[in-house]
Structures are given as C-alpha cells and as structure tokens.
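The values are calculated or read from the model by the stated rules, or taken from the named source; none is laboratory data. Here the structure is a predicted model, which is why all the values come from computation and not from measurement. We place every Cβ from the backbone using ideal geometry, glycine too, and count neighbours over all the protein chains shown. The accessibility values were calculated without ligands, DNA or RNA, using every heavy atom of the protein model including side chains. Shrake-Rupley method; radii C 1.70, N 1.55, O 1.52, S 1.80 Å.
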Amino acid sequence: MTSTSIAVIGAGFSGTLLSLHLLRRCPDNTRVVLIERNSQFGRGQAYSTGNPSHLLNVPAGRMSAFHDRPMHFVEWLRTQPPSEFPSGPPNAQSFVPRRVYGAYIRSLLGAEIRRAPRRTLELIRGEVLQIERQSVTLRLVLDRGRVVEVGRAVLAIGNFPPEPMKVADPSFYDSIFYRPDPWAAETLTGLDAASPVVLIGTGLTMVDMVISLLDQGHRGPIHAVSRRGLLPRPHAAGPQMLPEETHEFPIRVNDLLRFLRQEASAAKSRGTSWQAIVDELRPFTQDVWQTMPLDDRKRFLRHLRPWWEVHRHRMPCPVAQRIEAARASGQLHIHAGRISAYEIRDSIARVILRPKGSNRDETIEAARVIACSGPNADYSRISHPLVRSLLAQGVVRPDPLRLGLDVTPNCALLNREGAISRRLFAVGPVTKSAFWEMTAVPDIRRQCEFLAQHLASLTKPPPQPEPTHEPKPGVNYAI
Ligand SMILES: Cc1cc2nc3c(=O)[nH]c(=O)nc-3n(C[C@H](O)[C@H](O)[C@H](O)COP(=O)(O)OP(=O)(O)OC[C@H]3O[C@@H](n4cnc5c(N)ncnc54)[C@H](O)[C@@H]3O)c2cc1C
C-alpha cells in the first residue's frame, strides 16, 4: 500500500492543486497524503492575507486553477456573495482580493474531500521535519514524533522570507526595530501612525506593505529602498489587442532584449501595449530559459532580472493608483541606492543609504524597518528544518544559480552527486532553477498537471484484469 501512496508536503496553491490532479489521474488504489504545517489548507503564503485591499496581481480571467477551463474561477466568483466585491460584480478583467482566491482553492479541496473516498485523500496538519529513505519507501518524520510512510513524496514548500542584507552590525536584526518576515502577523502591529517606516525592497511585497500601512491609517513617511529603485509597472488598462505572431524567440540574452524592445515599439505604433508583448512571451518563457546558454542565464540574473521582474510581475491598476497617489502626496518616497549600515541611536533606527550615483551617504530615520526584498531562494542559506535535513543528508542540492533546488524537467530532485531521485519530487517555486517562471498561478497549474500525469504513470495500477488509467468517473471539479 505504501508503494502506491504519495505525500505532498505543503498545502499552498501548488500542493493543493497537485493533490487534486493526482486524485484525478492516479489509479484507484493510490493514497494521496497532503501535509500542511499551518492551520489552513489551500491558502499558502499568497492567499492567507485577510486584507481585502491585497488584490490578485493577475486578472481573474487568467487565474482559473485549470488550464483547460479558463473561466472556471470567474464562474466560481459569480456564485459568491456580492458583499465580497464592493466595486461591482467581478468579470474576467477584475483584480479581486487574494483572500477570495484562497477561498476558491479551499472550496476545490472541500469538494474533493466530499467526493473522494476517505482512503484516497488524507489531510494531515503538521510539519515534516525529516525524510528518511527506507529500502522501498520514504519515512516522513513529523513534529510531535509522528511518522508517515509513503512510496513517493513531493516538496511543495513554496517561498521563504527575504534574506537579511549583510551589514557591519548584525545585532540590528535582533532589535525591536527590524521585521524579517513581511508576511508575519505582527509585522505592522504596535506601530505609531505618525512614525517613519523603511521598507527594504521596491517590488510587489513592498507594494503590499504600503497598501497595508495606508489601510491602517498610517500618516507618517514611508521610505522604500532598492539598488535601482524600480517599481512594478501597472497592468494595461482594459483588454489588449494581441500582437501578431511573427518571429522566433531568440535565446541569447542580448538578442532577446533587442527583440523585445523592437516588438514593444512596433506594438506601440499599432496601438497595442508593451504589456501584451511580455504576455505573448509567457507560454515560451520556460523554453527560452531552458535553451539559453548557462552564461547567458547568469548574465540575465546579474543585469536584467530587476527589469524583467517589474515588467512581468505587474501591479493591478487600482493598487497602482494608490501607490501613485501616496508618492504624489509626498508620503511614499522611493530611493535608489545601497544600504551601507543600520544604527540605533536615541531610541530610533537610522538607515544609512548611499544613493545611486552619489558619493555621500544619507540617513533615513525609522521606527520600523521591514524586509520586503522578495523571497529567499538560496537554499544553502535557508533555515527551514526539512530543507536543512535534506541538504545535510545529501538527498537534495541547491541549484548552481541559487534559484531553488536542482530538479529535472520532470521535477525529480537531484541529490548531492547529481543522481536523479525516483521517489522525491518538487513543485512550484522550489523548481524555479529549471523553469525560471514558476511563480504565478498560470505556470504552476500547468506544472501540477504535468507532474500529476508523470507520477500517475509511475504508480502501479491495482491488480485487476483490465486496469484503467482513465480519470475516475464521478470526480469533477464543479463547485
Ligand atoms: C504575497 C504573494 C502574492 C502573490 N500574488 C499572486 C497573484 O496575484 N497571482 C498569481 O498568479 N501569483 C501570485 N503569487 C505567486 C504564486 O501564486 C504563489 O507563489 C503560489 O501560490 C505558490 O504556492 P506554493 O504552494 O508553492 O507556496 P506557498 O504558498 O508558500 O505554500 C507552501 C506551503 O507549504 C507549507 N510548508 C512548508 N514547509 C512545510 C513542511 N516542512 N511541512 C508541512 N508544510 C510545510 C507552508 O506552510 C505553506 O502553506 C503571489 C505570491 C506571493 C508570495
């Protein structure tokens, strides 16, 4: 029985969706064990926020959990109480609250629990601390000494908090002024509404934090700092005319940059936005990444990554308007520069900044400094007990570009020597090194389908005269 059981570790978007696809594709005797350390299954980090102003940064029409049913999420939204949508009934172009998306994923899981026989889907609340390899199985050791034995396991452990910058006096990071995890519940509690705040990072996490501060009536100055001071660009307003599909996508990084610039300027002259050009690249991004020479990938990460991020991962228009208004009013300041030190003097923190292009330091005072610099993907530095244990055993290894763990295109994890695991797999942001864009729902949902199909093909069907691999009758995802 253990040989036909699959543990999915982490029940954020990736782990939950993968479990649903496994139940649909695997033989009837497969047991899927979904394990989550937090109280809520299905939300993960992105969709746990209770703040209704934290909107999805992708329009509802592109957020279906199922690639082959693009309007599934929009149809589900139409069944929800109107009180969730004060600005009117949602449609495919709407940017709805992220907490609503969490409710959607949870509703899919709930529907599956009601349908699937108890023996096929098991939910366990707990943290996996270790994975021990037995001769033919994996032994998962959880907190409180619990043990689960399975045939295969998939890491769906998602994103990790930003890594603190190296500064001369690291004791600052232990002080009351610093908050290392922007998603932790206490990040903004107990803050005087008139006090100055410094946010480290100017990407979408910083945007979330500014929106939270404004929502809780913060009046004091907000400073956001990054090396280049680049802000995520807004989505184009309204539906866009699709550009013509003309040329091949180049794979050398300079050629690709030139190509995208040319396409964007041609699009502009045809009345289409640059956003449409970036979106057209989307289905090919993983191909381009996997075909690009390693040196070019390194150059991309060194020089172009911040530019890619702000054009690719954009702000919903209503959020962009609030950010713009906060800048125009003088409350939000975006700084480009390098932080050289933190000091604590007279009961206030001081952030010492060398602005870009300047040879003189500036000092910004802050009652709170919050790390918003994006997830830490360098697994050699992550203090996650399971990751630490797997690295120490040598059954996984960080990828050379420090984007996640090293995996094959079929999501199998590589061990310290580069051998391919037949039992341990990964899904979601953990696999960024092999796919690059494995952040947003449209990419992860495809990966979940492919991986479920692959794992189903590895799973032995029950001993019956005519085994079937067809989807189970009666299992569908209608709400
Ligand atoms: C703030 C934010 C906003 C986003 N907004 C959007 C958006 O609007 N649109 C979009 O397309 N994408 C968005 N994304 C990107 C994307 O949707 C998420 O990154 C995606 O949800 C990743 O899901 P995940 O399940 O892989 O990771 P996570 O959501 O991080 O979930 C991982 C889960 O694993 C659990 N876990 C970890 N370790 C263990 C363990 N050892 N044992 C048991 N459980 C464990 C964690 O508790 C967590 O619940 C956003 C991402 C973030 C961070």
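Points to keep in mind about this one:
- Residues located in region 146-171, provided they are within 14 Å of the ligand (Cβ to nearest atom) and within 30 Å of residue 372 (Cα to Cα): 154, 155, 156, 157, 158, 159, 160, 161, 162
- For region 159-192, a tally of residues being of a type outside the set (A, V, I, L, M) and either in contact with a Phe, Trp or Tyr (Cβ under 8 Å, 6 or more places away or on another chain) or farther than 19 Å from residue 204 by Cβ (or both) returns 17.
- Selected residue (only one of 391, 413 is touching a strand residue (DSSP E or B) at 6+ places or on another chain (Cβ under 7 Å), of a type outside the set (Phe, Trp, Tyr) and away from the ligand (no atom under 12 Å from the Cβ)): 413
- Identity of the residue in region 122-145, in a strand (DSSP E or B) and open to solvent by less than 20 Å² (accessible area, probe 1.4 Å), that ends up nearest to the ligand (Cβ to nearest atom): 128
Condition check ((1) buried (at least 20 other Cβ atoms within 10 Å of the Cβ); (2) aromatic (Phe, Trp, Tyr); (3) within 16 Å of the ligand (Cβ to nearest atom); (4) farther than 14 Å from residue 335 by Cβ) across all residues:
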position: 189; (1), (2), (3), (4): no, no, no, yes
position: 193; (1), (2), (3), (4): no, no, no, yes
position: 206; (1), (2), (3), (4): yes, no, yes, no
position: 212; (1), (2), (3), (4): no, no, yes, yes
position: 219; (1), (2), (3), (4): no, no, no, yes
position: 226; (1), (2), (3), (4): yes, no, no, no
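- Matching residues in region 416-441 - criterion: being within 13 Å of the ligand (Cβ to nearest atom) and basic (Lys, Arg): 432
- Members of region 184-211 found to be within 22 Å of residue 44 (Cα to Cα) and in contact with a helix residue (DSSP H, G or I) (Cβ under 8 Å, 6 or more places away or on another chain), listed by number: 187, 188, 203, 207, 210, 211
- Filtering region 244-278 to residues that are touching a Lys or Arg at 6+ places or on another chain (Cβ under 9 Å) and open to solvent by 60 Å² or more (accessible area, probe 1.4 Å) leaves 244, 254, 274.
- Residue in region 327-350 that is of a type in the set (Lys, Arg) and more than 30 Å from residue 261 (Cα to Cα) present: yes
- Any hit, region 35-44, residues being more than 24 Å from residue 185 (Cβ to Cβ), out of contact with any strand residue (DSSP E or B) (no Cβ under 8 Å at 6 or more places or on another chain), in the same structural domain as residue 149 (by TED's automatic domain parsing) and within 14 Å of the ligand (Cβ to nearest atom): no
- Across region 420-437, the number of residues qualifying as under 18 Å from the mean Cα position of the chain (by Cα) and free of Cβ contacts under 8 Å to residues at least 60 places away in the same chain comes to 3.
- Top-ranked residue of region 415-437 - restricted to ones that are assigned to a strand (DSSP E or B) and open to solvent by less than 20 Å² (accessible area, probe 1.4 Å), ranked as nearest to residue 378 (Cα to Cα): 426
- Selected residue [touching a residue at least 24 places away in the same chain (Cβ under 8 Å) and either assigned to a loop (DSSP other than H, G, I, E, B) or open to solvent by 30 Å² or more (accessible area, probe 1.4 Å) (or both)] from 32, 8, 58: 58
- Residue match in region 24-31 (condition: within 30 Å of residue 211 (Cβ to Cβ) and of a type in the set (D, E, K, R)): no
- Cβ-Cβ contacts under 9 Å between residues 6 or more apart (or on different chains), taken from a first residue in region 183-196 that is under 21 Å from residue 159 (Cα atoms) and of a type outside the set (D, E, K, R) to a second residue that is modelled with pLDDT of 90 or more and open to solvent by 80 Å² or more (accessible area, probe 1.4 Å), are listed as 188/216.
- Criterion: within 30 Å of residue 144 (Cβ to Cβ), open to solvent by 10 Å² or more (accessible area, probe 1.4 Å) and out of contact with any Pro (no Cβ under 7 Å at 6 or more places or on another chain) - qualifying residue of 102, 88, 42, 50: 50
- Within region 83-111, residues that are at negative phi and assigned by TED's automatic domain parsing to the domain that holds residue 56 reach partners that are of a type in the set (S, T, N, Q) and within 12 Å of the ligand (Cβ to nearest atom) with beta carbons closer than 6 Å, at six or more positions or on different chains, in the pairs 98/49; 99/49; 105/16; 109/16.
- Any chance residue 72 is surrounded by fewer than 20 Cβ atoms within 10 Å (Cβ to Cβ) and either over 17 Å from the mean Cα position of the chain (by Cα) or within 11 Å of the ligand (Cβ to nearest atom) (or both): yes
- Check on residue 97, more than 14 Å from the ligand (Cβ to nearest atom) and at pLDDT below 95: no
- Among the residues of region 146-199, those identified as part of a strand (DSSP E or B) and either polar (S, T, N, Q) or outside the structural domain of residue 37 (by TED's automatic domain parsing) (or both) are 178, 179, 197, 198, 199.
- Residue in region 399-409 that is within 13 Å of the ligand (Cβ to nearest atom), farther than 19 Å from residue 130 by Cα and surrounded by 18 or more Cβ atoms within 10 Å (Cβ to Cβ) present: no
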